[in-house]
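> Pasting a structure here, questions to come.
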Amino acid sequence: MHSTPRTGTEEPLLSICDLRVTFGTPEGQVVAVDGASLDIHPGEVLAVVGESGSGKSQTALAVTGLLARNGTSEGSILWKGGEILGLPEHQLARLRSEEIAMVFQNPMTCLNPYLRISTQMIEGMTMNRKMTRTQARSACIDMLETVQIADAANRIDRYPHEFSGGMLQRIMIAMSLLRRPRLLIADEPTTALDVTVQMQIVQLLKHIRRKYGTAIMLITHDLGLVASISDRISIMYSGQIMESGLAENVFSNPRHPYTRALLDAIPRIDQNDGELRDIAGEPPDPASRTSGCPFHLRCGYRIASCIENRPDTLGSREHAHACHLSNET
Amino acid sequence: MLYFILKRIAIAIPTILALIVLSFTLMHYAPGSPFTGERPLPPEILTNLEAKYGLDRPFPQQVARYVWNIVTEFDFGPSYSYKDRTVNEIIAQGFPVTLTYGSLAFIVSIMVGATLGIVAAIHRTTWLDSLTVGITVGAQVLPNFIMAPILVLVFTLWLGWLPGGGWQGGQWPYLVMPIIALSTSFMASIARITRSSMIETLNSDFILTARSKGLPFHEVVIRHALKPSMLPVISYLGPTFVGLITGSVVIDIYFSTGGIGQHFVNAAINRDYPLIMGVTILTGILTVVFNLIVDILYVWIDPRIQY
């Protein structure tokens with residue numbers, strides 16, 4: 001249905017503008033997201049790529065109002081044009097139940113080990129929709145079959161520990177799709193899984209986007225995973241968006257030194273010199289943000305203004321980046 | 001499941017037998033005798049008494065006879081200090097009393113303790129949490145032999161609301177103070193265990209999943225967090241129940257309730273061997289039974305446990 005990316009004039013489904021997420025800790029303020037902006041159009045797949053601690057997960061949690069108790073978010077998050085940042089909990093709960101679904105990193109711990117799969121799948125449906133248990137149950141079995149769980153009618157009454165990690169992640173995805181969300185936020189959905197299973201999950205996500213037209217926000221640190229599925233990519237570093245744009249633009253013509261370093265770090269089977277390239281240095285500590293561009297400490301192209309000023313984001317929806325160097329040239 | 005229960009009962013039998021032999025031996029070799037009073041008895045009377053109760057026979061024979069009587073007739077023998085009564089009669093009279101206020105104190109401890117713990121965990125880092133933690137710390141360090149006289153002072157002597165002691169067939173005014181005095185510290189322990197395990201559970205990934213489904217928070221707590229956070233509490237219930245029964249020593253003395261608690265101490269002071277054995281075995285059986293119940297509850301709650 002939505003095989004081509006929609007970059008037209010229609011209103012974005014989700015539009016995050018200048019989001020800032022901070023956590024109050026005994027050691028002081030920790031800035032997890034530092035002025036990030038992104039948007040997702042209906043049916044689009046946006047990959048948010050970054051290292052651990054870059055703030056990608058916290059961005060997702062801020063959208064659904066699920067930040068930890070000591071977290072606060074500022075800025076603007078528009079859902080279908082309406083502000084959802086700071087909505088009361090019951091309205092956010094309705095949003096989570098009807099419009100924005102989430103799938104998390106570790107399927108082994110994300111399902112309640114004390115409850116049957118059927119109980120966990122059905123509860124979200126009978127509560128918010130006028131649906132009987134029998135109807136909900138058969139809808140759940142159908143959805144499990146969609147995500148290729150064989151013998152779903154019997155297996156639905158099993159407990160989570162009776163499934164493998166890959167199957168549990170498919171169950172998680174099935175569970176999130178039951179409510180036909182407009183947006184599915186998948187937070188590192190393949191990180192905890194075997195490499196062979198990772199590809200199956202990506203195929204499944206593709207299939208879902210085709211079948212239901214669900215927009216997907218795919219959070220990952222794995223650029224390779226992203227290549228085959230995403231329409232657009234946002235590269236995140238230290239709570240900020242470094243570069244964003246159409247997937248083919250970012251991959252074929254990376255403008256930010258950080259993006260280039262990330263792409264260089266992907267092991268290539270055809271250029272086997274036996275070495276794994278990494279990015280020298282450590283990601284900055286979120287508790288003590290530096291001035292200027294957050295990447296300047298590790299950047300090989302650093303110029304004076306990188307240390308002093310934070311670069312503006314320049315470009316269009318097709319391709320934008322925040323770097324002094326390429327802004328000047 | 002039935003096989004699991006039968007297996008556990010089969011293991012319990014040698015445990016209790018070992019308990020009997022061990023306590024019997026310890027008592028036998030402890031200094032003193034049931035018949036050493038302030039005035040020494042004439043030797044011929046002492047010999048007669050020892051012959052009557054079988055204390056003149058070799059030790060292994062005494063043990064064997066004792067166990068045999070229990071197994072075949074469920075007879076725990078005569079009491080030495082209450083001359084005209086058997087141990088069975090004493091236990092039959094006192095145990096229902098202890099069981100009544102003990103069970104009620106047990107239920108109160110769990111209900112109040114778990115509720116306080118859950119409320120504190122949900123409102124963590126607010127004044128409500130601090131208040132609950134403060135109360136439970138206070139209640140936990142307050143032993144029941146302090147609690148009992150304070151209650152009597154306030155409710156009987158000052159306010160005149162409740163009778164200071166007695167049993168009267170277990171009418172509720174006579175039950176209130178024993179239950180409060182007995183349950184306070186267990187209630188506090190349960191509240192603290194519940195609070196910490198509830199906090200831990202609420203930080204689990206599956207709670208985030210449940211919330212991401214849009215369930216209201218109270219549903220998340222009831223449906224997803226309650227079961228796992230009660231597991232540590234359940235493992236504490238076995239020792240709690242036994243502790244309530246043995247804790248009745250103080251209650252029986254302060255409130256003259258007439259349970260078996262008083263016999264724990266009196267029987268030991270009087271060297272009333274059969275009565276000591278009776279209450280010890282009773283406590284032992286209760287421990288075994290409650291640990292079995294706890295294990296069954298565990299299997300029932302956590303589907304990952306194999307039996």
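> Report the residue count in the stretch A:87-107 for those that are more than 7 Å from every other protein chain (Cβ to nearest Cβ) and more than 22 Å from B:Glu219 (Cα to Cα).
The number of residues fulfilling the criteria is 1.
> Considering only residues of the stretch B:73-99 that are surrounded by 19 or more Cβ atoms within 10 Å (Cβ to Cβ) and small (Gly, Ala, Ser), which is nearest to B:Ala267 (Cα to Cα)?
Filtering the stretch B:73-99 for residues that are surrounded by 19 or more Cβ atoms within 10 Å (Cβ to Cβ) and small (Gly, Ala, Ser), the one nearest to B:Ala267 (Cα to Cα) comes out as B:Ser79.
> Just to check your reading of the model, which residue among A:Met143, A:Met167 is in contact (Cβ under 8 Å) with a residue 12 or more places away in the chain, more than 19 Å from the chain's Cα centre (by Cα) and open to solvent by less than 10 Å² (accessible area, probe 1.4 Å)? So that I can check it myself, show each step before the final result.
Details: A:Met167 fails: open to solvent by less than 10 Å² (accessible area, probe 1.4 Å).
From the options A:Met143, A:Met167, the qualifying one is A:Met143.
> Same structure again: Do the conditions hold for A:Ala215, that is, is it open to solvent by less than 10 Å² (accessible area, probe 1.4 Å) and of a type outside the set (S, T, N, Q)? Quick ask: steps written out before the conclusion?
On the way: open to solvent by less than 10 Å² (accessible area, probe 1.4 Å): yes; of a type outside the set (S, T, N, Q): yes.
Judged against the criteria, A:Ala215 is a match.
> With the condition kept exactly as written, say whether any residue in the stretch B:257-272 is part of a helix (DSSP H, G or I), of a type in the set (S, T, N, Q) and away from chain A (no Cβ under 14 Å). Walk me through how you get there before you give the answer.
Narrowing the stretch B:257-272 to residues part of a helix (DSSP H, G or I): B:261-269.
Narrowing further to those that are of a type in the set (S, T, N, Q): B:262, B:266.
Cutting the leftovers down to away from chain A (no Cβ under 14 Å) gives us B:262, B:266.
Yes, the stretch B:257-272 contains at least one residue that is part of a helix (DSSP H, G or I), of a type in the set (S, T, N, Q) and away from chain A (no Cβ under 14 Å).
> Please enumerate the residues belonging to the stretch A:224-242 that are surrounded by fewer than 19 Cβ atoms within 10 Å (Cβ to Cβ) and touching a helix residue (DSSP H, G or I) at 6+ places or on another chain (Cβ under 6 Å).
Initially, the stretch A:224-242 is screened for residues surrounded by fewer than 19 Cβ atoms within 10 Å (Cβ to Cβ), giving A:224, A:227-229.
Across the stretch A:224-242, the qualifying residue is only A:Ile229.
> A:Ser73 fails exactly one of the following numbered conditions: (1) more than 13 Å from chain B (Cβ to nearest Cβ); (2) open to solvent by less than 10 Å² (accessible area, probe 1.4 Å); (3) polar (S, T, N, Q). What is the number of that condition?
Condition not satisfied by A:Ser73: (2).
> A further question follows. Scan (1) touching a helix residue (DSSP H, G or I) at 6+ places or on another chain (Cβ under 9 Å); (2) aliphatic (A, V, I, L, M); (3) at pLDDT 85 or above for the single condition A:Ile266 breaks and write down its number.
Evaluating A:Ile266 over (1) touching a helix residue (DSSP H, G or I) at 6+ places or on another chain (Cβ under 9 Å); (2) aliphatic (A, V, I, L, M); (3) at pLDDT 85 or above leaves (3) as the failure.
Condition check ((1) in contact with a Cys (Cβ under 8 Å, 6 or more places away or on another chain); (2) under 30 Å from B:Ile296 (Cα atoms); (3) surrounded by 11 or more Cβ atoms within 10 Å (Cβ to Cβ)) across all residues:
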residue	(1), (2), (3)
B:Leu2	no, yes, no
B:Ile5	no, yes, yes
B:Ala10	no, yes, no
B:Pro14	no, yes, no
B:Ala18	no, yes, yes
B:Ser23	no, yes, yes
B:Tyr29	no, no, no
B:Pro34	no, no, yes
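> Can you name every residue in the stretch B:238-256 that is farther than 14 Å from B:Trp167 by Cα and part of a helix (DSSP H, G or I)?
From the stretch B:238-256, those farther than 14 Å from B:Trp167 by Cα are B:238-247, B:249-250; that's our starting set.
Of everything in the stretch B:238-256, those that are farther than 14 Å from B:Trp167 by Cα and part of a helix (DSSP H, G or I) turn out to be B:Gly238, B:Pro239, B:Thr240, B:Phe241, B:Val242, B:Gly243, B:Leu244, B:Ile245, B:Thr246, B:Val249, B:Val250.
> With the stretch A:1-120 as the region, which strands (runs of 3 or more DSSP E) entirely inside it contain at least 3 residues that are in contact with a strand residue (DSSP E or B) (Cβ under 8 Å, 6 or more places away or on another chain) and among the hydroxyl-bearing types (Ser, Thr, Tyr)? Spell out how you get there, then give the answer.
Values: elements: A:14-25, A:28-40, A:45-49, A:71-79, A:100-103.
Hits in the stretch A:1-120: A:71-79.
> Sort through B:Gly165, B:Gly134, B:Gly160 and tell me the only one that's at pLDDT 90 or above, among the small types (Gly, Ala, Ser), out of contact with any Gly (no Cβ under 6 Å at 6 or more places or on another chain) and open to solvent by 20 Å² or more (accessible area, probe 1.4 Å).
On the way: B:Gly165 fails: at pLDDT 90 or above; B:Gly160 fails: at pLDDT 90 or above.
Answer to the check: B:Gly134.
> Which one of the conditions (1) open to solvent by 40 Å² or more (accessible area, probe 1.4 Å); (2) in contact (Cβ under 8 Å) with a residue 40 or more places away in the chain; (3) of a type outside the set (Gly, Ala, Ser) does B:Ile301 fail to meet, given that it meets all the rest?
(1) is the only condition that B:Ile301 fails.
> Same structure again: Could you check the stretch A:295-305 and list, in sequence order, the residues that are open to solvent by less than 60 Å² (accessible area, probe 1.4 Å) and at pLDDT below 85? If you could, list the steps in order and put the result at the bottom.
Here is the first cut: in the stretch A:295-305, the ones open to solvent by less than 60 Å² (accessible area, probe 1.4 Å) are A:295-296, A:298-299, A:303, A:305.
Those that are open to solvent by less than 60 Å² (accessible area, probe 1.4 Å) and at pLDDT below 85: A:His296, A:Arg298, A:Cys299, A:Ile303, A:Ser305.
> Do the conditions hold for B:Leu182, that is, is it within 18 Å of the chain's Cα centre (by Cα), more than 14 Å from chain A (Cβ to nearest Cβ) and either farther than 30 Å from B:Gly94 by Cβ or open to solvent by less than 50 Å² (accessible area, probe 1.4 Å) (or both)? Full working, then the answer.
Details: within 18 Å of the chain's Cα centre (by Cα): yes; more than 14 Å from chain A (Cβ to nearest Cβ): yes; either farther than 30 Å from B:Gly94 by Cβ or open to solvent by less than 50 Å² (accessible area, probe 1.4 Å) (or both): yes.
Answer is yes for this residue.
> Would you check which residues across the stretch B:158-181 are assigned to a helix (DSSP H, G or I) and in contact with a helix residue (DSSP H, G or I) (Cβ under 9 Å, 6 or more places away or on another chain) and list them?
Quick first cut of the stretch B:158-181, residues assigned to a helix (DSSP H, G or I) only: B:158, B:168-170, B:172-181.
Hits for the stretch B:158-181 are B:Gln168, B:Gly170, B:Tyr174, B:Leu175, B:Val176, B:Met177, B:Pro178, B:Ile179, B:Ile180, B:Ala181.
> Something else about it: If you go through the stretch B:185-235 one residue at a time, how many are within 11 Å of another protein chain (Cβ to nearest Cβ) and basic (Lys, Arg)?
Selection size over the stretch B:185-235: 4.
> Moving on. Checking A:Ala153 against (1) crowded, with 17+ Cβ neighbours inside 10 Å; (2) away from chain B (no Cβ under 11 Å); (3) assigned to a helix (DSSP H, G or I): exactly one of these is not met. Which one?
So A:Ala153 meets the others, but not (1).
The values are calculated or read from the model by the stated rules, or taken from the named source; none is laboratory data. Worth saying up front: this structure is predicted, and the values here are computed from it rather than measured. Cβ: placed from backbone, ideal geometry, glycine included. Neighbour counts: every protein chain shown. Each accessible area value is taken on the protein alone, full model and side chains, heavy atoms only, with ligands, DNA and RNA left out. Shrake-Rupley method; radii C 1.70, N 1.55, O 1.52, S 1.80 Å.
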